[in-house]
Amino acid sequence: LCRAGMRAFGLRVLLVDGSTSQAVDTPANAETFGRSENQEGESRLPLVRWVLMICAGCGAVVDASMGGYHESEQAFFAALVERLTAGCLVVADRGLCSFMAFWVIQQRGSHFLCRHHQRRKGRKVRRLGYKDDLMEWSWRDVRFVRCHGWWAWIPLVKEDLRVRVVERQIVRKGYRTFTLRICTSLLDHRTVPAGELMELYLKRWRIEGAIRDLKTGFGIDRLRGKTPDIARKEIWSGLLAYTLVSMVRAEAFTGESDAEEAWELSTRRTCLLFLRFVERAVEATPERRRFLCRRLQAAVAATRNKPQKRPP
């Protein structure tokens, strides 16, 4: 399974993003999770907010945090960072770009890569290359942090933070050209080229596909539990089932698959093949189960999705 995982610059790559699930309209769910509000009023159903951290290589869920809708994704992300191990590279969208996120992740022995937030200002220290600058963010702004997940770390911050900011024009056939500005804690521009950072960040979109598969194929888009505990168990069950399917897909990739990455193998067809395998393996002998497992890996390896060629 190590081959199915993605590593970049000697670090294990993890993707982070969040979404919401609709819960049953009961007083307990409404009180625990809350509802969304806009100029038209409250939403009809309570909403559960959750944030995932997945493996960039095979899509398996590494960690997750969830709670009420009115809690910010930054708070759930802070809970994930508290449990983060050393030697990882976390890739996230600009909604999670903050001084404290960079600082705490580096304190955990890992690194951070995210899209630069348009409101984040800093002082330019020096130029590393073409539209590749070393910036310095002031530590005095942390006293205005509103996310309670970072409050325990704020008294430990005593110096400015240096961040590398890279900007490029992204030109792809069939897609609109746009300007991408990213920031990272990987400051060495010689060992970490800007072009490779851009390619790595563009793979962050994989987690959006994983969230789509979780909602449509594993039943966490619309929950059925009438109590908060049952609603949470539904989400955890869906995450566990998706992780199991992702691990089966990763095993097939490391075995007989000719795909370049485990993401090229179909999640939906892997799930159907695995269900068929379980039905046959319930009453099979150990030798028969090993044979069925090899057949399952060969069948999953053949479920490669053909790349779609988008017209210009």
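The values are calculated or read from the model by the stated rules, or taken from the named source; none is laboratory data. All values reported here derive from a predicted model rather than from experimental measurement. Cβ sites come from the backbone with ideal geometry, for glycine too, and all protein chains shown count toward neighbours. Ligands, DNA and RNA are stripped out before the accessible areas are found, and what is left, the full protein with its side chains, is counted by its heavy atoms. Shrake-Rupley method; radii C 1.70, N 1.55, O 1.52, S 1.80 Å.
Rounded to the nearest 0.05, what FRET efficiency do ARG127 and ARG212 give with R0 = 41 Å and r taken as the Cβ-Cβ distance? Could you check? My answer for the efficiency is 0.55.
Figure note: THR270, THR243 ranked by solvent-accessible area, largest first, 1.4 Å probe, ligands and nucleic acids not counted: THR243, THR270. Note on LYS124: lysines with a C-alpha under 25 Å away, same-chain residues under 8 apart excluded, are LYS158. The C-alpha atoms of the chain define a longest principal axis, and helix 267-281 lies at about 40 degrees to it.
Of ASP93, ASP141, the residue with the largest accessible area leads and the full order is ASP141, ASP93 (1.4 Å probe). For the range 194-259, the Cβ-based charge dipole about the Cα centre amounts to some 520 debye (Lys, Arg positive; Asp, Glu negative; other atoms uncharged). Bridging of LYS203 to lysines at a Cα separation below 24 Å is possible for LYS131, LYS173, LYS215, LYS306, LYS309, once same-chain residues fewer than 8 apart are set aside.
Across the chain, the fraction of Cα-Cα pairs farther apart than 38 Å, rounded to a whole number, is 21%. If only the Cβ of Lys and Arg carry +1 and only the Cβ of Asp and Glu carry -1, the dipole of the chain around its Cα centre is close to 880 debye. Taking amide H as placed 1.01 Å from N in the peptide plane, the amide H of LEU128 sits under 5 Å from that of ASP133, LEU134, each at least 5 places away or on another chain.
By a 1.4 Å probe calculation restricted to protein chains, HIS70 has an accessible surface near 130 Å², given to the nearest 10.
Of the residues TYR175, TYR69, ranked by 1.4 Å probe accessible area with the largest first, the sequence reads TYR175, TYR69. Between CYS97, VAL62, GLN39, the Cα set farthest toward the positive side of the dipole of the range 29-142 (charges on each charged residue's Cβ, about the Cα centre) is that of CYS97. The simple spin-label model puts a point 7 Å past each Cα toward its Cβ; for GLU287 and GLU167 those points are separated by 6.9 nm. If the elastic network links every pair of Cα atoms under 10 Å, which of ALA28, ALA79, ALA302 fluctuates the most in the Gaussian network model of the chain? Top of the fluctuation ranking is ALA28.
Given the protein chains as shown and a 1.4 Å probe, how many square angstrom of ASP221 are accessible, to the nearest 10? For ASP221, solvent-accessible area is about 70 Å².
Shape class of the range 162-291 from the alpha-carbon gyration tensor: prolate, with a/c at 1.5 or above and a/b greater than b/c. Here, the range 35-186 has an Rg and a Dmax of 17.2, 52 Å when only alpha carbons are counted. Whole-Hz Karplus values for the range 238-250 come out as x, 5, 5, 5, 5, 5, 4, 5, 5, 5, 4, 5, 5 Hz, taken residue by residue from phi with 6.51 cos²θ - 1.76 cosθ + 1.60 and θ = phi - 60°; glycine and proline positions read x.
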